[in-house]
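Following: one structure in structure tokens, then a few remarks.
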Amino acid sequence: MAEAAVRADVWLWRARLCKTRTLAARLVEEGRVRLTRAGQETRLDKPSRTLKPGDGLVFALGGRVHAVRIEALGERRGPAAEARALYTPLDETAA
């Protein structure tokens, strides 16, 4: 049974955007992740906030700003190719 939503820290970890769930949770708790859903942008304040396919995320990692659109939630932290299928980068100009 597929999930309809997943915690922000879990998704960042599954998508391999953060090395550990603890680091993902810290990124969210520090207010460094912005969520765009239905045209409304909000700053995530808790790692337990849910993410859904179609949501947009903007966050800074390693001195670079990343913008992604969530395509899938994933069921596990899989290999890199599987993780890349969970999102579409929106910041292609930074590549």
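Computed from the coordinates by the stated procedures, all read-outs in this text should not be read as laboratory data. Bear in mind the structure is a predicted one, so any value in this text is a computation, not a measurement. Counting neighbours? That spans all protein chains shown, and the Cβs are built from the backbone with ideal geometry, glycine included.
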Practice task
Say whether the condition of being β-branched (V, I, T) and touching a residue at least 40 places away in the same chain (Cβ under 8 Å) is met by at least one residue in segment 50-58.
Solution key: yes
Problem - Among (1) surrounded by 15 or more Cβ atoms within 10 Å (Cβ to Cβ); (2) outside any loop (DSSP other than H, G, I, E, B), the one test that R16 misses - result: (2)
